[in-house]
Amino acid sequence: MENDVVLTMRGICKSFPNVKALDHVDFTLRKGRIHALMGENGAGKSTLIKVLTGVYSMDEGEIRIDGIEDAIHIRSPQEAQNFGISTVYQEITLCPNLTVAENMFIGRSPGKTVDWKTMEKKAGELLDNLGIPARPKQQLGSCSLAVQQMVAIARAVDTECKVLILDEPTSSLDENEVEMLFRLMRDLRERGVGIIFVTHFLEQVYEVSDDITVLRNGELVGEYEVKDLPQVELVAKMIGKDLEELSVIKGRDKGADEQAEMLYEAEGLSSSESRPFDFHIAKGEVNGFTGLLGSGRSESVRAIFGADPVTGGKTSIEGKAVRINKPLDAMRNGIGYLAEDRKGDGIIADLSVRDNIILALQVIRGIGHPFSRAQAEAFADEYIKALDIKTASKDTPVGSLSGGNQQKVILARWLLTHPKYLILDEPTRGIDVGTKTEIQKLVIKLAEEGMGITFISSEIEEMLRTCSRLIVMRDRNIVGELRGDELTQERVMRTIAGGGN
Amino acid sequence: MNSRENRTPDRRREPITDTQLLLTITICIFVFMYGLAMLVWGGGFLKPQMLFDLLNDNAFLIIISCGLTIVMITGSIDISVGGVTALVAMVGVMILNGSFGPFVKLQEALGLPDGARIVFALVMALLIGLAYGLVQGYLIAFLEIQPFIITLAGMFFARGMITIISVDPQKAPQDLMDVLQTRIEIPWLGSPNKKGVIIPARMEIGVVIALVIVLLVFILLRKMQLGRHFYAVGGNRQSALMLGVNVRRTRFMAHLICGTLAGIAGFVFMMHTGAGNATNATAAEMNAIASSIIGGTLLTGGVGNVAGTLFGVLTLSTIKSIVTTSGLRDPWWQSITTGAMLCFFILLQSVVLMRRHKGGSR
């Protein structure tokens, strides 16, 4: 058994100012196994991966790898590669301005010159071998995100790697692509590669993994074989307490109620990115857009908020016709929008928690009327408490918070404007289970207070739990609307897939 | 699923990359403009010598621009190059006319003829350029200080040094200048003068140096790992690091090469003018940046081509010649048209790239 071990990490410690990110963590990877690394955001998964890939240096501990007598010291990603440790990160770490072939070989080709012909030939063979729909000479930026991710994996696979780290590889892939990736992972497992798989999707862990290591608050909870650890127990170990029953939080179907007061209506609304569509939401209703990635669900809500240039259509709020051409129009009309891309469109990483929270309200008020320090402090205190935002202080830059807490800060920013209508685009992506539940509960509570909420999530189960009406999109068109008894996973899938009656 | 059958990877012609697209635009515009000048203004523009004059006058600018293209591809900037050029020219001229004691003594000690001063000047040019590249590259790449600030300081330093070395303008001795200004004659590109005698086209040695440098930089950017690393670092620095590119070393090398090229440019400038003056090569760095941009290099990094830069310099200088030929001899007209053209180019580039990427990535 011990002979199969390809990687051992013992007593790994890593501290950052104010935080102990890893506290004597052990990790063991065996040949030909897929080992899931689990934990909530901030549990230390990313830090452990970064220590292993040489991005961070560890304070204490030792790393041993198969075939090398002594404990190794990894000082850079380059060195990690030389030790046979390859990584594919969640954010695509390739260069969009280079070609696909270059992205697969740059930084690891010997010699001083570039042999374009050989490189492109090798890249072509590898892409074909793995069934990746990209051409070697294609500029990487012209590929879809999913294909870019697969190119990254192709690159990692091609190096003679003993340890392959996949850090949230599936978060931007659709089901077919995930399936393709899993096939690839199983194939590599057959060839004896040890794979570390980091993901938030519990189902995916149970689909491909052999072992699970759970971290919590920078400490090791334990290592288990998948067959010995039921899903519920895994979640309990991750959050350190029993899961609350989720099914009870579902909201009432206000949309079906004829009496319900109409909150927002759009007729033939279109933007530069979305085709014309009709949409409405009543007060106190929670509805959602669903569909595959790229089906146009985000583009639709962006059109509602005026985030992309609006090209046509009529909109009204509480029966009054309004024109919403830019986000500020939407905000003045009581619409809030939590964007899908948290880093790009959401947080301002270098500003403090306080400044991030008051941002939207300040914009509505106008820059000529700044809030006093005391007022801002009061607002920040109120929402840090209300949403249980875990931050060192109000002055901490948002960028140093964990993903879930960053999301709460943006949520606080919108709640502070007391919107009538709140759009949440993937509010739970990349967030730990505990926070997810909190956000779902909050959504229901706000709806009960009369707010209209549109909710988008990649996880259909989550949508079914929270929404009373689902608008299904396919290829940038609305192809169905489900409510009441129709809200089952199977029915949603069939509508998305199309052809089903 | 079986994607293999749906596509024929090798047959299909690849859509050109952003770099190639911008290069094509630049060349087309240069050809169009030069053609227009030939048609409308005729005269000088019809003679090949006009083109050679453009090259003769701008050889140093081509060299500086090559360096800036590299630096800009990595997403950095260097505005000290004009100052370095002027500093090198001043030092060079003073070595040539024997105003620098140590070099005179060295020459006497070794018993060398006056011609050896040219070698001293060249060595000093390379050393100054190299020193600039080393220091600025180290500060920018390893201490991660803003390149704009560092090179701004470098620019002031160089300009200040010139005045410290000599407040008065200096001139190189004529005998040495005759050697330096040797011209390569190309009879078959000559044109008849008023008396009907064929005057051969003349090209300075500096142009050959400049064109060789363009070629070398082209090979570096296209064929060498280091060159591709420049693009990777400019495309996405974090990704480049993750891909195993030594980002610091790459950025350092970019500035080192740029500084060295500025030194060579200074020598070429001296060969052309034979004069040392505090106002030499004024705003050369800005012209170099403009040329690179016209040539399709993006200030944001990751995209650029040195062939485009060559045409960028030519385009820029053609515009200036056209302005002068049209009778607008006051210097501000050149600035105004250059400004307008630069604006036009950037607009054109962003419109083209925007349209392209809108269609490309849904």
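Observations on the model:
- Set side by side, the residues B:MET271, B:MET253, B:MET286 differ, and just one is within 14 Å of another protein chain (Cβ to nearest Cβ), modelled with pLDDT of 90 or more and under 19 Å from the mean Cα position of the chain (by Cα), which is B:MET253.
- Residue pairs whose Cβ atoms lie under 6 Å apart, separated by 6 or more positions or on different chains, with the first residue in the stretch B:14-37 and without any contact (Cβ under 8 Å) to a residue 60 or more places away in the chain and the second assigned to a loop (DSSP other than H, G, I, E, B) and not hydroxyl-bearing (Ser, Thr, Tyr), are B:GLU14/A:LYS137.
- Any hit, the stretch B:302-314, residues being free of Cβ contacts under 8 Å to residues at least 60 places away in the same chain and of a type outside the set (A, V, I, L, M): no
- Residue match in the stretch A:151-172 (condition: under 24 Å from B:LEU243 (Cα atoms) and in contact with a Cys (Cβ under 9 Å, 6 or more places away or on another chain)): yes
- Only residues that are farther than 19 Å from A:ALA378 by Cβ and either outside the structural domain of A:GLY399 (by TED's automatic domain parsing) or surrounded by fewer than 19 Cβ atoms within 10 Å (Cβ to Cβ) (or both) were counted across the stretch A:344-367, and they come to 7.
- Restricting the stretch B:235-283 to residues that are of a type in the set (Gly, Ala, Ser) and in a loop (DSSP other than H, G, I, E, B), the residue that is surrounded by the fewest Cβ atoms within 10 Å (Cβ to Cβ): B:ALA283
- You will find that of B:ARG237, B:ARG222, B:ARG228, the residue that is in contact with an Asp or Glu (Cβ under 9 Å, 6 or more places away or on another chain), facing chain A (nearest Cβ under 10 Å) and either free of Cβ contacts under 8 Å to residues at least 12 places away in the same chain or closer than 27 Å to A:TYR89 by Cα (or both) is B:ARG228 and no other.
- Pairs, first under 17 Å from B:ASP178 (Cα atoms) in the stretch B:100-127, second not in a helix (DSSP H, G or I), C-beta under 8 Å, six or more apart: B:ASP114/B:PRO173; B:ARG117/B:GLY98
- Among residues of the stretch A:114-131, those that are more than 8 Å from chain B (Cβ to nearest Cβ) and outside any helix (DSSP H, G or I), counted: 1
- Positions within the stretch B:170-195 being surrounded by 14 or more Cβ atoms within 10 Å (Cβ to Cβ) and of a type in the set (Lys, Arg), in sequence order: B:LYS171, B:ARG183
- A:ILE439 hydrophobic (A, V, I, L, M, F, W, C), assigned by TED's automatic domain parsing to the domain that holds A:MET493, surrounded by 16 or more Cβ atoms within 10 Å (Cβ to Cβ) and not in a loop (DSSP other than H, G, I, E, B): yes
- Residue match in the stretch B:46-59 (condition: crowded, with 22+ Cβ neighbours inside 10 Å, out of contact with any strand residue (DSSP E or B) (no Cβ under 8 Å at 6 or more places or on another chain) and not hydroxyl-bearing (Ser, Thr, Tyr)): yes
- Here B:LYS320 passes the criteria (1) assigned to a helix (DSSP H, G or I); (2) within 28 Å of B:VAL179 (Cβ to Cβ) except the one numbered (2).
- Against the test of being modelled with pLDDT of 85 or more, within 14 Å of chain B (Cβ to nearest Cβ) and buried (at least 17 other Cβ atoms within 10 Å of the Cβ), the options A:VAL198, A:VAL178, A:VAL151 yield a single qualifying residue, A:VAL151.
- Of the residues making up the stretch A:286-323, those that are among the hydrophobic types (A, V, I, L, M, F, W, C) and out of contact with any strand residue (DSSP E or B) (no Cβ under 8 Å at 6 or more places or on another chain) number 1.
- The numbered conditions (1) surrounded by 13 or more Cβ atoms within 10 Å (Cβ to Cβ); (2) within 31 Å of the chain's Cα centre (by Cα) are all true for A:PHE371 except (2).
- Among the residues of the stretch A:53-108, those that are without any contact (Cβ under 8 Å) to a residue 40 or more places away in the chain, within 10 Å of another protein chain (Cβ to nearest Cβ) and part of a loop (DSSP other than H, G, I, E, B) comprise A:VAL55, A:SER76, A:GLU91, A:ILE106, A:GLY107.
- When the criteria are applied in full, A:LYS14 meets the requirement of being of a type in the set (D, E, K, R) and assigned to a strand (DSSP E or B).
- Positions within the stretch A:29-48 being at pLDDT 90 or above and part of a helix (DSSP H, G or I), in sequence order: A:LEU48
- Looking only at residues in the stretch B:157-215 that are in contact with a helix residue (DSSP H, G or I) (Cβ under 6 Å, 6 or more places away or on another chain), in a strand (DSSP E or B) and not polar (S, T, N, Q), the one that is farthest from B:ASN97 (Cα to Cα) is B:LEU189.
- Single condition B:ALA125 does not satisfy, out of (1) in a helix (DSSP H, G or I); (2) surrounded by fewer than 18 Cβ atoms within 10 Å (Cβ to Cβ): (2)
The values are calculated or read from the model by the stated rules, or taken from the named source; none is laboratory data. Because the structure is a prediction, the values reported are computed rather than measured. Cβ coordinates were reconstructed from backbone atoms using ideal geometry, including for glycine residues, and neighbour counts include every protein chain displayed.
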